[in-house]
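Colleague: Quick one: the structure is below, and I'll ask about it shortly.
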Amino acid sequence: MKREQKKKGFRQAVLLLMGVFVLSALAGCGKKPAEAQEVTKAEGTLRIGEEITLYIEDTQYMSQVKPPSPMGYYDYYPEEEGWRYLVVSGTTENRSGEDFNPKRCYVEGYVDGEPREGKLLILAAPGTEFWDTLPADSKKGSWDFYLFTLIREEEEPEELGFFYNDGFTEAKEGEKWDHKITLELFE
């Protein structure tokens, strides 16, 4: 009986530590903000390179991030007590002949200058699941996006930073990104 209680206690401690680690990673505790060689401001749209555009339609807080019309199994970001997600959403356009992988970019939200790691997700039509790519030659409005960061309930972020490299190459540890697009929030 005692052995089962110890195992249960150990499992609970491991799960608690994993939860704290995930929150710390997303919240950016003590992390240095990312840097870029070129910084521009977004005004209603994020132009990523010459051919990819994110058209901003809404900014809101959500308790969890999931597709608006999920079906079957789907990825989502769960509700965390004391935390909320700031989500910027809208529609996309990819005029290039190549798929765009949002994992080759980096997103940060800023609260009092402190970074909070974020993410860009592509929503498959009709909003049933998240995809790993924005397909080549996608027309405006055929795919949606969520750009988000996790923040504490009492925090108000000032802006989001979207980072990418020319040619959408992977960033190397400790190097500056080629480009940063800043999006001011709640002006």
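The values are calculated or read from the model by the stated rules, or taken from the named source; none is laboratory data. Quick caveat, the model's predicted, so the values are computed rather than measured. Cβ placement follows ideal geometry from the backbone for every residue including glycine, while neighbour counts extend to all protein chains displayed. Side chains are part of the model used for accessible areas, which takes the heavy atoms of the whole protein and leaves out ligands, DNA and RNA. Shrake-Rupley method; radii C 1.70, N 1.55, O 1.52, S 1.80 Å.
Colleague: Checking ASP132 against (1) in contact with a helix residue (DSSP H, G or I) (Cβ under 6 Å, 6 or more places away or on another chain); (2) farther than 16 Å from TYR55 by Cα, which single condition isn't satisfied?
Modeller: (1)
Colleague: Now for a different question. Conditions first: (1) in contact (Cβ under 8 Å) with a residue 40 or more places away in the chain; (2) polar (S, T, N, Q); (3) open to solvent by 10 Å² or more (accessible area, probe 1.4 Å). THR149 passes all but one, so which condition is the exception?
Modeller: Condition not satisfied by THR149: (3).
Colleague: Right, here's the next one. Among the residues that make up segment 103-113, is at least one of them farther than 20 Å from THR182 by Cβ, open to solvent by 20 Å² or more (accessible area, probe 1.4 Å), assigned to a strand (DSSP E or B) and at pLDDT below 95?
Modeller: no
Colleague: Tell me which of these PHE162 doesn't satisfy, since it passes every other one: (1) at pLDDT 95 or above; (2) open to solvent by 30 Å² or more (accessible area, probe 1.4 Å); (3) within 22 Å of TYR76 (Cα to Cα).
Modeller: (2)
Colleague: Could I ask something else about it? Could you give me the residue pairs with C-beta distances under 6 Å whose first residue belongs to segment 116-134 and is assigned to a strand (DSSP E or B), whose second residue is open to solvent by 70 Å² or more (accessible area, probe 1.4 Å) and not β-branched (Val, Ile, Thr) wherever it lies, and which are 6+ apart or on separate chains?
Modeller: ILE122/TRP131; ALA124/TRP131; GLU129/TYR74; PHE130/ASP75
Colleague: When you scan segment 81-91, do you find a residue that is at pLDDT 95 or above, loosely packed, with under 14 Cβ neighbours inside 10 Å and either in contact with a strand residue (DSSP E or B) (Cβ under 7 Å, 6 or more places away or on another chain) or more than 17 Å from PHE186 (Cβ to Cβ) (or both), even just one?
Modeller: Checked against the condition, which is being at pLDDT 95 or above, loosely packed, with under 14 Cβ neighbours inside 10 Å and either in contact with a strand residue (DSSP E or B) (Cβ under 7 Å, 6 or more places away or on another chain) or more than 17 Å from PHE186 (Cβ to Cβ) (or both), segment 81-91 yields at least one hit.
Colleague: Is it the case that GLU98 is open to solvent by 10 Å² or more (accessible area, probe 1.4 Å), over 16 Å from LEU46 (Cβ atoms), without any contact (Cβ under 8 Å) to a residue 12 or more places away in the chain and more than 16 Å from the chain's Cα centre (by Cα)?
Modeller: no
Colleague: Considering only segment 130-142, state which residues are of a type in the set (A, V, I, L, M, F, W, C) and at pLDDT 95 or above.
Modeller: The answer is LEU134, ALA136.
Colleague: Something else now. Among the residues of segment 58-74, are any assigned to a strand (DSSP E or B), open to solvent by less than 20 Å² (accessible area, probe 1.4 Å) and under 21 Å from VAL39 (Cβ atoms)?
Modeller: Taking every residue of segment 58-74 in turn, none turns out to be assigned to a strand (DSSP E or B), open to solvent by less than 20 Å² (accessible area, probe 1.4 Å) and under 21 Å from VAL39 (Cβ atoms).
Colleague: Another one. I need a count of the residues in segment 135-171 that are part of a loop (DSSP other than H, G, I, E, B), at negative phi and not β-branched (Val, Ile, Thr).
Modeller: Looking only at that region, the number is 15.
Colleague: A further question on this structure: Could you please let me know if LEU183 is under 17 Å from LYS31 (Cα atoms), crowded, with 19+ Cβ neighbours inside 10 Å and either of a type in the set (A, V, I, L, M) or out of contact with any strand residue (DSSP E or B) (no Cβ under 9 Å at 6 or more places or on another chain) (or both)?
Modeller: no
Colleague: What is the number of the single condition among (1) within 30 Å of LYS32 (Cβ to Cβ); (2) assigned to a strand (DSSP E or B) that GLU81 does not meet?
Modeller: Evaluating GLU81 over (1) within 30 Å of LYS32 (Cβ to Cβ); (2) assigned to a strand (DSSP E or B) leaves (2) as the failure.
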